[in-house]
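Here is the structure we will look at, set down as structure tokens.
The values are calculated or read from the model by the stated rules, or taken from the named source; none is laboratory data. Fair warning: this is a prediction, and the values are worked out from it, not measured in the lab. We place every Cβ from the backbone using ideal geometry, glycine too, and count neighbours over all the protein chains shown.
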Amino acid sequence: MLALPATARTRPHYGGTLRVEIEGEPWQRPGGLARRMVLDGLAVMNADGTPRPALALDWKSENDNHRWQFRLRPGVHFHDGSPLTSPSVVASLNAVCGTNCPWTAIHAVGSSVVFTSDSPMPNLPELLAADKYLVALTVASDGTTPAGVVGTGPFQVTGFMNGVLTLTANDSSWQGRPFADAVEAHVHRSIRDQWLDLSVGRADLVEVPAEQLRQAQQQRLTIMTSAPVTLLALTVSDSGALGNPNLRAAIALAVDRSALYNVIFQKQGEVTASLLPAALTGYSFLFPTERDLNKAHELRGGLTPPPLTLAAEGGPAMQLAAQRIALNLREAGFNVQVVNGVAAQHADLALRQLPLESNQPQAALESMLRGAGLAAPVLEQTPAGLYRIERDFLESHTLIPLLDLPRAYAVGGRIRDLHLSPDGTPQLSAASLEDAP
Amino acid sequence: MKLIWLVAAVVTALIGMAASAAPAPSQWEQPAAALAEEIAGILGPGQARLTIRNLSTVSSDEIPAIRRLLEQELKARGVLTSGAESANAIRVTLSENMRERLWVAEVVEGNETRVTMVRVEPGTAPQSQPKSGLALRKQVVITTNEAVLAALETAGGLVTVQPEQIVIYGHAAEGWREQKRVGIGQKKLLPRDPRGIILPSANGSGFEASVVGMVCSGSYLPAQPAGDWTVRCRESDDPWTIVQPPVAQTGNATQGTATQGTATQMDVSVTPMKAFYNAARNYFTGVVTPSLSVDLPPFYSAAQIIRSASSAPLLIGSIDGKVQIVENGALKPVAGTRDWGSDFAALHSGCGAGMQIVVSGSGEAASDSLRAYELPAQEAVPASASLAMDGTVTALWTAPDGNSVFAAVRGAADQFEVDRVTALCN
């Protein structure tokens with residue numbers, strides 16, 4: 001939902017500095033604000049869920065999708081001036097994908113990058129459009145190792161000082177120079193400070209967490225909201241006390257999603273029990289979201305499992321949600337203690353925000369399943385086939401979907417032509433400033 | 001024998017009348033049949049309760065018809081849906097995702113529920129028509145998934161200018177069919193908001209196109225087999241033609257049927273004019289040829305206003321958002337242009353004052369709109385209602401004959417279309 005001021009359509013102006021503020025890390029993966037400004041992928045997703053060429057000029061599959069060849073766009077250079085070559089792309093992808101990659105092997109062949117796999121890779125272009133596979137220089141032209149921040153994108157890093165990351169327009173961008181001359185990203189700013197800066201004209205774009213969307217609307221901020229791009233889910237260990245599938249099923253039935261939706265997340269996003277959002281598949285209503293405490297008790301069968309630990313990754317809203325879930329589970333006969341988020345790796349239960357890595361259902365599902373440790377590619381291309389894969393996976397109750405959440409930003413009156421990418425990140429390279437000189 | 005012929009003729013006529021009176025096949029027939037086939041495959045012949053819920057954008061008015069279709073198709077496959085007491089149930093949900101509609105059936109037999117689903121192509125929403133004085137109407141010339149900067153209809157087909165290619169389409173029964181694609185071969189990087197123009201060649205059968213730093217010329221040999229175009233491109237910093245007199249149109253496969261005035265009805269005096277384009281940005285530098293008596297600021301758009309045979313001032317939309325007119329050796333502001341976007345084009349409609357300026361604007365709507373204005377003096381006066389476009393207007397230019405304007409529109413899903421916009425004189 002885009003709600004920018006009502007003004008006539010004008011061509012974008014060149015010049016000016018965009019001032020953005022964020023609470024987290026600009027290079028956080030996935031979805032860090034600086035990543036898609038500085039780095040490009042081999043492909044990029046259109047709004048309709050189809051991939052289009054980016055650093056790759058084109059691609060073709062062979063051998064029943066077991067081999068893919070991506071031909072690189074000629075004349076593209078990294079920000080340090082070194083040319084984009086197939087070995088540099090291979091090095092970058094190897095650096096980010098050591099294990100559980102969609103491919104078995106990757107090779108530089110002339111000006112192409114060739115992916116091969118023992119299994120078919122029908123969704124490879126869509127998967128390669130994901131944030132994870134953005135290409136960064138691994139060895140700079142002076143032999144040093146850059147920290148994954150030298151790319152080919154429309155902006156280049158020119159400084160980081162006093163919590164301000166400065167990005168400057170890349171005049172040689174293969175996509176064309178961005179309209180703004182620079183972007184100043186103030187990092188680690190609290191949401192409260194961000195909104196204050198926006199209100200006094202010190203910022204052009206600030207974050208709005210899903211749980212504060214209603215508050216932002218009440219404050220009459222101009223808000224841009226993406227489609228659901230994050231799945232709030234509870235991951236459940238399938239070993240130890242929760243090795244019993246009936247106990248995991250009981251946990252799934254005991255969670256009160258509507259309370260999370262209504263109270264914690266202020267009726268933002270969508271209640272869900274499926275991996276992919278309804279907008280992507282149209283079948284998510286087949287997964288029931290209602291709480292059934294009686295059946296949860298029934299499935300527990302009088303067993304009293306040992307105390308369970310529940311960790312939550314993220315800020316205060318996630319901690320509150322974890323507390324609420326612990327309460328739900330206690331009502332179903334489980335003894336649950338909420339622990340520090342750092343302990344999520346070892347906790348019996350973890351509340352996580354899982355990114356939707358693609359707006360193409362097959363690729364999104366494959367990414368989600370790979371994230372859950374399943375390596376099998378999604379070969380099904382029909383909604384019915386995808387539904388069966390989701391259903392079969394979710395029946396194990398090792399991952400319990402709860403809410404689909406959007407990403408949202410509040411914008412100032414100077415910004416024009418700002419759109420959100422399919423992954424919810426703002427496309428600042430295509431935005432311009434109304435008062436640019 | 002005559003009687004037999006007469007009877008045959010009457011029977012034929014009756015059959016014809018019956019056929020023409022029959023309702024058109026519903027868009028839901030095919031998916032209803034497909035879903036019924038799936039359900040029958042699961043359930044087999046027998047009885048079942050059928051319930052339908054709608055989670056999609058299908059109008060609730062259409063649900064009874066969909067239900068009837070499903071019942072008919074199920075019955076044809078041996079599944080009767082009248083059994084209220086049946087243990088079997090069919091729960092059909094009309095759903096959709098961002099790309100298509102999805103009809104889902106949950107078939108319940110005892111404790112077991114099986115699911116099947118069929119895809120349904122999305123329907124098209126009806127277009128609203130403006131209802132006021134001079135009315136603008138649009139007609140889609142071509143739809144493509146590649147950005148179009150400019151387009152021209154010629155005797156040899158439709159020529160579209162893309163950022164890096166010239167694409168030529170020939171006439172075909174189903175519309176335009178791609179015939180030829182020629183790379184422009186830019187050596188310089190394209191700006192982020194590239195622009196281009198295309199004009200007919202002097203003989204009307206070819207074209208000359210200018211794209212950032214390049215100029216391409218195309219010639220068509222009608223005696224040759226279809227698709228025999230010759231296109232040549234070269235680097236060029238020459239100025240682009242921004243104003244030229246209307247010329248007779250030689251090829252016009254998609255000419256609108258609206259009641260229009262024509263430019264040839266007017267005693268017009270349009271002075272050809274060219275302007276230098278800033279190849280690193282998205283605007284004209286302000287330097288024009290032949291030079292004017294005033295210095296122009298950098299501008300996005302220009303058009304000549306024909307007021308009389310002796311008065312034809314130049315209108316420019318400068319990059320600071322001001323719309324100004326060059327008249328009597330002075331640059332004067334134009335009032336009433338607050339809602340104007342950067343793009344406008346002259347339309348010699350023959351309606352009202354004879355010519356209007358068609359202007360892009362966005363307002364609060366997600367998509368842009370076009371509106372015609374007249375400029376009797378230094379104030380722009382709306383001459384039509386807004387015409388909603390199906391996306392962002394990325395370019396606007398006057399057709400060679402001046403009787404229509406063309407708009408390049410980028411749709412929501414990165415689909416591009418070229419629309420011809422004409423005026424209806426009411």
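Only one residue in B:ALA335, B:ALA345, B:ALA385, B:ALA353 is more than 10 Å from chain A (Cβ to nearest Cβ) and crowded, with 24+ Cβ neighbours inside 10 Å, so which one is that? Quick ask: steps written out before the conclusion?
Values: B:ALA335 fails: crowded, with 24+ Cβ neighbours inside 10 Å; B:ALA385 fails: crowded, with 24+ Cβ neighbours inside 10 Å; B:ALA353 fails: crowded, with 24+ Cβ neighbours inside 10 Å.
Result of the check over B:ALA335, B:ALA345, B:ALA385, B:ALA353: B:ALA345.
Considering only the stretch A:147-154, I want to know if a residue exists there that is among the hydroxyl-bearing types (Ser, Thr, Tyr) and touching a residue at least 24 places away in the same chain (Cβ under 8 Å). Write out each step before concluding.
Taking the stretch A:147-154 and keeping what is among the hydroxyl-bearing types (Ser, Thr, Tyr), we get A:152.
With touching a residue at least 24 places away in the same chain (Cβ under 8 Å) added as a condition, the list becomes A:152.
Looking through the stretch A:147-154, at least one residue is among the hydroxyl-bearing types (Ser, Thr, Tyr) and touching a residue at least 24 places away in the same chain (Cβ under 8 Å).
Which number in (1) surrounded by fewer than 20 Cβ atoms within 10 Å (Cβ to Cβ); (2) of a type in the set (Ser, Thr, Tyr); (3) modelled with pLDDT under 95 marks the one condition that A:THR289 misses?
Among (1) surrounded by fewer than 20 Cβ atoms within 10 Å (Cβ to Cβ); (2) of a type in the set (Ser, Thr, Tyr); (3) modelled with pLDDT under 95, the lone unmet condition for A:THR289 is (3).
Give A:PRO277, A:PRO307, A:PRO316 a once-over and let me know the one that is in contact with a strand residue (DSSP E or B) (Cβ under 9 Å, 6 or more places away or on another chain), in the same structural domain as A:GLY371 (by TED's automatic domain parsing) and free of Cβ contacts under 8 Å to residues at least 40 places away in the same chain. Walk me through it before giving the result.
Working: A:PRO277 fails: free of Cβ contacts under 8 Å to residues at least 40 places away in the same chain; A:PRO316 fails: in contact with a strand residue (DSSP E or B) (Cβ under 9 Å, 6 or more places away or on another chain).
The conditions single out A:PRO307.
Where in the stretch B:145-245 are there strands (runs of 3 or more DSSP E), lying wholly inside it, with at least 3 residues that are touching a Phe, Trp or Tyr at 6+ places or on another chain (Cβ under 9 Å) and among the charged types (D, E, K, R)? Let's see the steps before the verdict.
Details: elements: B:150-154, B:157-161, B:165-172, B:175-183, B:196-200, B:207-211, B:214-220, B:229-235, B:240-243.
Once the strands (runs of 3 or more DSSP E) in the stretch B:145-245 are filtered for at least 3 residues that are touching a Phe, Trp or Tyr at 6+ places or on another chain (Cβ under 9 Å) and among the charged types (D, E, K, R), what remains is B:175-183.
For the stretch B:177-197, which residues satisfy the criterion of being aliphatic (A, V, I, L, M) and in contact (Cβ under 8 Å) with a residue 60 or more places away in the chain? Quick ask: steps written out before the conclusion?
Within the stretch B:177-197, the subset aliphatic (A, V, I, L, M) is B:182, B:184, B:189-190, B:197.
Passing the criteria: only B:ILE197.
Please verify whether A:ARG214 is farther than 17 Å from A:LEU418 by Cβ and touching a strand residue (DSSP E or B) at 6+ places or on another chain (Cβ under 9 Å), treating the condition exactly as stated. Even if it seems obvious, please write down each step before you answer.
Working: farther than 17 Å from A:LEU418 by Cβ: yes; touching a strand residue (DSSP E or B) at 6+ places or on another chain (Cβ under 9 Å): no.
No.
Quick one: in the stretch A:230-269, which of the residues that are in a loop (DSSP other than H, G, I, E, B) and at pLDDT 95 or above is nearest to A:GLN212 (Cα to Cα)?
Of the stretch A:230-269, the ones in a loop (DSSP other than H, G, I, E, B) are A:237-239, A:244, A:255-256, A:265-269.
Add one more test, that the residue is at pLDDT 95 or above, and what stays is A:255-256.
Working: A:VAL255: 22, A:ASP256: 20 Å.
In this case the residue turns out to be A:ASP256.
For the stretch B:362-375, what are the residues that are without any contact (Cβ under 8 Å) to a residue 60 or more places away in the chain and either away from chain A (no Cβ under 14 Å) or surrounded by fewer than 24 Cβ atoms within 10 Å (Cβ to Cβ) (or both)? Please lay out each step first, then the result.
Step one: of the stretch B:362-375, the residues without any contact (Cβ under 8 Å) to a residue 60 or more places away in the chain are B:362-369, B:373-374.
B:SER362, B:GLY363, B:GLU364, B:ALA365, B:ALA366, B:SER367, B:SER369, B:TYR373, B:GLU374 - these are the residues of the stretch B:362-375 that are without any contact (Cβ under 8 Å) to a residue 60 or more places away in the chain and either away from chain A (no Cβ under 14 Å) or surrounded by fewer than 24 Cβ atoms within 10 Å (Cβ to Cβ) (or both).
For B:THR93, only one of the following conditions fails: (1) surrounded by fewer than 20 Cβ atoms within 10 Å (Cβ to Cβ); (2) at pLDDT 80 or above. What is its number?
The single condition B:THR93 does not satisfy is (1).
For a quick check of your reading: which strands (runs of 3 or more DSSP E) sit entirely within the stretch A:10-113 and have at least 3 residues that are more than 14 Å from every other protein chain (Cβ to nearest Cβ)? I'd like the intermediate steps shown before the answer.
Values: elements: A:17-21, A:43-45, A:51-53, A:56-62, A:67-72, A:105-109.
Hits in the stretch A:10-113: A:17-21, A:56-62, A:67-72, A:105-109.
Note down all Cβ pairs under 6 Å where the first residue falls in the stretch B:279-294 and is in contact (Cβ under 8 Å) with a residue 60 or more places away in the chain and within 11 Å of chain A (Cβ to nearest Cβ), the second is loosely packed, with under 14 Cβ neighbours inside 10 Å and of a type in the set (S, T, N, Q), and they're at least six residues apart or on different chains.
Close Cβ pairs (under 6 Å, with a partner that is loosely packed, with under 14 Cβ neighbours inside 10 Å and of a type in the set (S, T, N, Q)) do not exist here.
Given B:SER367, B:SER342, which one is within 24 Å of A:HIS13 (Cβ to Cβ), among the small types (Gly, Ala, Ser), more than 15 Å from the chain's Cα centre (by Cα) and part of a loop (DSSP other than H, G, I, E, B)? Please lay out each step first, then the result.
Numbers: B:SER367 fails: more than 15 Å from the chain's Cα centre (by Cα).
Step by step, each of B:SER367, B:SER342 is checked, and only B:SER342 is within 24 Å of A:HIS13 (Cβ to Cβ), among the small types (Gly, Ala, Ser), more than 15 Å from the chain's Cα centre (by Cα) and part of a loop (DSSP other than H, G, I, E, B).
From the list B:ARG99, B:ARG53, pick out the single residue that is at pLDDT below 90, within 12 Å of chain A (Cβ to nearest Cβ) and over 14 Å from B:ALA36 (Cβ atoms). Please lay out each step first, then the result.
On the way: B:ARG53 fails: at pLDDT below 90.
Only one candidate qualifies: B:ARG99.
Among the numbered criteria (1) within 25 Å of A:GLN266 (Cα to Cα); (2) more than 23 Å from the chain's Cα centre (by Cα); (3) surrounded by fewer than 21 Cβ atoms within 10 Å (Cβ to Cβ), which single criterion is violated by A:VAL336?
Only one criterion in (1) within 25 Å of A:GLN266 (Cα to Cα); (2) more than 23 Å from the chain's Cα centre (by Cα); (3) surrounded by fewer than 21 Cβ atoms within 10 Å (Cβ to Cβ) is unmet by A:VAL336, namely (3).
Looking at the stretch A:155-177 only, could you name the residues that are within 14 Å of chain B (Cβ to nearest Cβ) and within 16 Å of A:VAL20 (Cα to Cα)?
Pass one, the stretch A:155-177, residues within 14 Å of chain B (Cβ to nearest Cβ): A:155, A:169-177.
The answer is A:PHE155, A:ALA169.
Which of the following residues is part of a helix (DSSP H, G or I), of a type in the set (A, V, I, L, M) and within 19 Å of B:GLU109 (Cβ to Cβ): B:ALA36, B:ALA65?
Values: B:ALA65 fails: within 19 Å of B:GLU109 (Cβ to Cβ).
Unique residue meeting the criteria: B:ALA36.
Identify, please: which residue in the stretch A:270-318 is part of a strand (DSSP E or B) and of a type outside the set (A, V, I, L, M) and is, among those, farthest from B:LEU102 (Cα to Cα)? Full working, then the answer.
Step one: filter the stretch A:270-318 for residues part of a strand (DSSP E or B), giving A:270-271, A:308-312.
Pick out the ones that are also of a type outside the set (A, V, I, L, M) and you get A:270, A:309.
Values: A:GLU270: 19, A:THR309: 40 Å.
The qualifying residue farthest from B:LEU102 (Cα to Cα) is A:THR309.
Just name the residue that is farthest from B:VAL58 (Cα to Cα) out of those in the stretch B:102-120 that are touching a helix residue (DSSP H, G or I) at 6+ places or on another chain (Cβ under 8 Å) and away from every other protein chain (no Cβ under 11 Å). First the steps, then the outcome.
Quick first cut of the stretch B:102-120, residues touching a helix residue (DSSP H, G or I) at 6+ places or on another chain (Cβ under 8 Å) only: B:102-107, B:109, B:114-120.
When the remaining residues are screened for being away from every other protein chain (no Cβ under 11 Å), the result is B:107, B:109.
Numbers: B:VAL107: 22, B:GLU109: 28 Å.
If we take residues in the stretch B:102-120 being touching a helix residue (DSSP H, G or I) at 6+ places or on another chain (Cβ under 8 Å) and away from every other protein chain (no Cβ under 11 Å), then B:GLU109 is farthest from B:VAL58 (Cα to Cα).
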